[in-house]
1. Looking at (1) under 30 Å from V318 (Cα atoms); (2) at pLDDT 85 or above; (3) of a type in the set (K, R), which is the only condition R303 fails?
2. Scanning for something assigned to a loop (DSSP other than H, G, I, E, B) and farther than 22 Å from P300 by Cα, does segment 229-240 turn up at least one residue?
3. Spot the failing condition for V152; the list is (1) loosely packed, with under 14 Cβ neighbours inside 10 Å; (2) at pLDDT 85 or above; (3) aliphatic (A, V, I, L, M), and only one is missed.
4. I need the full set of residues from segment 282-295 which are farther than 18 Å from L324 by Cβ and of a type outside the set (A, V, I, L, M, F, W, C), in order please.
5. Tell me which residues, restricted to segment 194-226, are outside any strand (DSSP E or B) and either at positive phi or within 19 Å of the chain's Cα centre (by Cα) (or both).
6. Could you tell me how many of the residues in segment 198-221 are modelled with pLDDT of 85 or more and aliphatic (A, V, I, L, M)?
7. Collect the residues in segment 155-194 that are acidic (D, E), closer than 30 Å to V305 by Cα and at pLDDT 65 or above, keeping them in residue-number order.
Amino acid sequence: MTAKTGGAAGRPAAAKTAATTSTDRLGRLLALVPYVVNRDSVALGEAAAAFGVTEKQLIDDLNLLWCVELRAPDPYCPIDLSYEGGEITVAEAESIARPLRLKVDEASALLVALRMLAGIPGLDDRDALSRLIAKLESAAGTAAAASSQVSVEVDAYSGSADPDRTGLALLRDAIARGRRVHLSYYVPARDENTERDVDPMRLLVVEGNTYLEGWCRRAEAVRLFKLDRITDLAVLDVPAQVPDDAEPIDVDAGLFRPSPQDEAVTLELTPRGRWVADYYPCESVEELGEGRLRVVLRTPDTRWVRGLALRLGDQGRVVEPGALAATVHDDAARALARYGMT
């Protein structure tokens with residue numbers, strides 16, 4: 001693969017990415033070349049916006065592509081890549097410019113997920129989803145037959161034995177009638193149940209889980225409440241009064257919104273512990289070589305990080321802050337002592 005780049009480019013970028021994971025980056029790299037080839041040329045800013053990254057991150061990706069060698073279907077398949085003058089062009093990449101095709105297992109997984117989504121009660125625009133499933137079934141053939149053998153049942157609320165009138169149904173009723181609700185809500189980070197009055201705003205599904213979004217009178221702010229953590233629910237005979245300036249939470253980029261005031265925690269992970277970077281929202285992810293990672297995440301409560309560090313065992317360790325690292329070390333020593341291993 002050859003490259004023509006402006007300035008000091010032409011040298012592979014340092015093995016470091018900010019606020020992204022290896023899975024995210026791989027997805028971008030697989031889509032970037034066909035995206036540019038099908039448009040002849042694309043401005044750096046336009047491509048960065050399309051992939052939801054900064055121009056610097058996009059240039060890092062382009063520099064990584066510079067050192068990739070493709071060997072299918074021809075013995076040698078060079079790609080001519082350039083981003084001189086702020087315009088990205090890619091030539092001689094016909095072998096990977098074709099639209100991506102789903103394998104049987106990928107199509108099966110997609111159909112199972114879509115059928116699971118279609119099973120969620122109260123889903124808007126179910127007709128469009130049904131049409132999409134039908135088109136995929138028609139195109140997938142064997143995959144559709146395989147996926148039809150998988151039974152998926154969606155339980156959007158598990159806090160009651162009477163799903164018809166409690167949980168999800170009660171919340172829908174409260175939203176329709178504009179009524180405040182009282183929740184007993186379990187907070188796993190503190191391992192406690194909290195009592196709070198909430199003015200419901202909407203129900204939404206994020207990453208396969210159902211949430212109530214509403215104005216929490218206890219926090220005086222918009223909050224999301226995971227339905228399977230609601231241990232008790234009552235609709236009050238009080239009108240809901242959501243403040244005019246209350247803004248719905250933007251969930252497109254995920255649920256977690258770290259604050260600059262949250263404590264920064266640095267973890268170093270072995271290759272077997274890299275899953276942490278995919279599972280938890282990280283402020284930065286840095287490759288250390290030999291498959292190891294250094295990640296930084298922010299949290300308002302480090303108690304759950306202590307549990308994470310103990311679960312990781314030899315797959316990772318807390319580096320900073322030092323006080324937290326020492327606490328984790330003491331937790332591990334006490335746990336080992338109980339087994340007579342110290």
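The values are calculated or read from the model by the stated rules, or taken from the named source; none is laboratory data. Keep in mind that this is a model prediction, so the values were computed, not measured. Here Cβ is always computed from backbone atoms with ideal geometry, including for glycine, and neighbour counts include all displayed protein chains.
1. The one condition R303 does not meet is (2).
2. Yes, segment 229-240 contains at least one residue that is assigned to a loop (DSSP other than H, G, I, E, B) and farther than 22 Å from P300 by Cα.
3. Result: V152 passes all but (2).
4. If the condition is that a residue be farther than 18 Å from L324 by Cβ and of a type outside the set (A, V, I, L, M, F, W, C), then E286, E287, G289, E290, G291, R292 are the ones that fit.
5. E207, G208, E220
6. 6
7. Within segment 155-194, D191, E192 meet the criteria.
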